[in-house]
Ligand code: FAS
Ligand code: PHB
């Protein structure tokens, strides 16, 4: 098989890149190791920056999001069981969209199918070869080996994918911070406790109230990094969540059976540079942020923005454009990495967060409540810095 861009990974970044390349007249093929229903069974992100909304509109994959998504003008922060609001629209005239990543991925698959996009599911053992001028990818499907010759390879295969692992170790610098806690997440068919997200700091640990729609709620609590999920019955989860929320939310919380329950470890990770020869690393293949700032999916989208621009420019004659991808993408990656680290540090109980540390966090939250300048800084980052 021959194509211009071989994309490893059929998650949101791979699919969005394939669709934008198609709209620019550039051919691609997506190699996804899992069946489509497995990809679409994942519960991941829930908050889209407005830049992501605009990218999905540009890709022609925004109709259902416009109809079923929830534009939000702000979020709530809380300390010591008392909340306050940060109004993005009032502060900077921007909003966010609450619409699950699972649905974004479903919409992107539909857009690729409608455009006759080539997506190979159950492509096992993808291997990247000759990352110089004549790259190609091999994979096995139903026991038969296949080869894809291409001009470029986009590694959109997530943190545990093959792409970053294909770059010689000496060619990459890795920056990492592993957090000493995890998030226990629950999805429940219950009405959200609040119209907007609530991020709560508490001496017992962080809690987050989110949602997918007005009958599907998503909640998280901070737990020890090695907590066994079997320890957490639904009742134990709801009790602990209530202890950490603002009073009015704890009193009005509607609980129910969990339809999904999972523990996600938290880390910050960035690989530099985000390219090697004709291989480009995109999204979680290049970086991971703790979900506290709702940046993971949105960063993958801005990487796609920069790579699409670079490849479109290349095929229009600017042969050096692809060289600029990594520096452009990393500038925004580090801003989102800093903000996600800052939100995580502000809201979580670290092992060494003693009484002094707790008061410092509460003082910073009190400053956010009082200072429009501090709230503006958070609003600019949370709604997404410009590309
Ligand atoms: P993805 O991991 O989504 O997609 C990579 C794709 O590549 C997958 O479909 C995988 O099957 C495929 N693949 C991997 N190896 C391959 C190979 N060798 N060959 C072929 N295909 C291969 N972000 C937020 O903003 N908010 C959240 O609440 C949030 N929660 C998360 C919870 C979990 C459990 C995880 C893991 C991540 C979460 N994230 C969250 C981050 C997440 O949303 C990512 O940022 C987002 O999925 C990034 O998209 P991609 O870069 O496309 O990677
Ligand atoms: C979610 O709805 O899953 C969600 C929302 C905001 C976050 C993290 C996760 O910061």
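Observations, loosely collected:
- Residue 104 vs. criteria at pLDDT 95 or above, assigned to a loop (DSSP other than H, G, I, E, B) and under 22 Å from the mean Cα position of the chain (by Cα): no
- Residues in region 80-127 that are closer than 30 Å to residue 147 by Cβ, out of contact with any helix residue (DSSP H, G or I) (no Cβ under 9 Å at 6 or more places or on another chain) and exposed (fewer than 15 other Cβ atoms within 10 Å of the Cβ): 113, 114, 124, 125.
- Test: residue in region 304-322 that is more than 16 Å from ligand 2 (Cβ to nearest atom) and within 16 Å of the chain's Cα centre (by Cα): yes
- Residue in region 166-177 that is within 15 Å of ligand 1 (Cβ to nearest atom), over 30 Å from residue 346 (Cα atoms) and not in a strand (DSSP E or B) present: yes
- Selection status of residue 23, farther than 30 Å from residue 146 by Cα, away from ligand 2 (no atom under 16 Å from the Cβ) and either in the same structural domain as residue 151 (by TED's automatic domain parsing) or under 18 Å from the mean Cα position of the chain (by Cα) (or both): no
- Pairs with Cβ under 6 Å, 6+ apart, first in region 4-15 and modelled with pLDDT of 95 or more, second near ligand 1 (Cβ under 6 Å from one of its atoms) and part of a strand (DSSP E or B): 8/31; 8/126
- Single match in 34, 72 (criterion: within 16 Å of ligand 2 (Cβ to nearest atom) and surrounded by fewer than 22 Cβ atoms within 10 Å (Cβ to Cβ)): 72
- Taking (1) in contact with a strand residue (DSSP E or B) (Cβ under 9 Å, 6 or more places away or on another chain); (2) modelled with pLDDT of 95 or more; (3) within 16 Å of ligand 2 (Cβ to nearest atom) in turn, residue 121 satisfies each apart from (3).
- Which numbered condition residue 327 fails, given (1) within 16 Å of the chain's Cα centre (by Cα); (2) surrounded by fewer than 16 Cβ atoms within 10 Å (Cβ to Cβ): (1)
- Verdict on residue 94 being away from ligand 2 (no atom under 15 Å from the Cβ), under 30 Å from residue 345 (Cβ atoms) and at pLDDT below 95: no
- Residues satisfying the stated conditions in region 281-324, i.e. away from ligand 1 (no atom under 15 Å from the Cβ) and either closer than 14 Å to residue 52 by Cβ or surrounded by 24 or more Cβ atoms within 10 Å (Cβ to Cβ) (or both): 311
- Those residues of region 128-143 which are assigned to a strand (DSSP E or B) and either touching a helix residue (DSSP H, G or I) at 6+ places or on another chain (Cβ under 8 Å) or over 14 Å from residue 33 (Cα atoms) (or both), in sequence order: 128, 129, 136
- Selection within region 252-280 - loosely packed, with under 15 Cβ neighbours inside 10 Å, in a loop (DSSP other than H, G, I, E, B) and out of contact with any helix residue (DSSP H, G or I) (no Cβ under 7 Å at 6 or more places or on another chain): 254, 256
The values are calculated or read from the model by the stated rules, or taken from the named source; none is laboratory data. Worth saying up front: this structure is predicted, and the values here are computed from it rather than measured. Note that each Cβ is placed from the backbone with ideal geometry, even for glycine, and that neighbours are counted across all protein chains shown.
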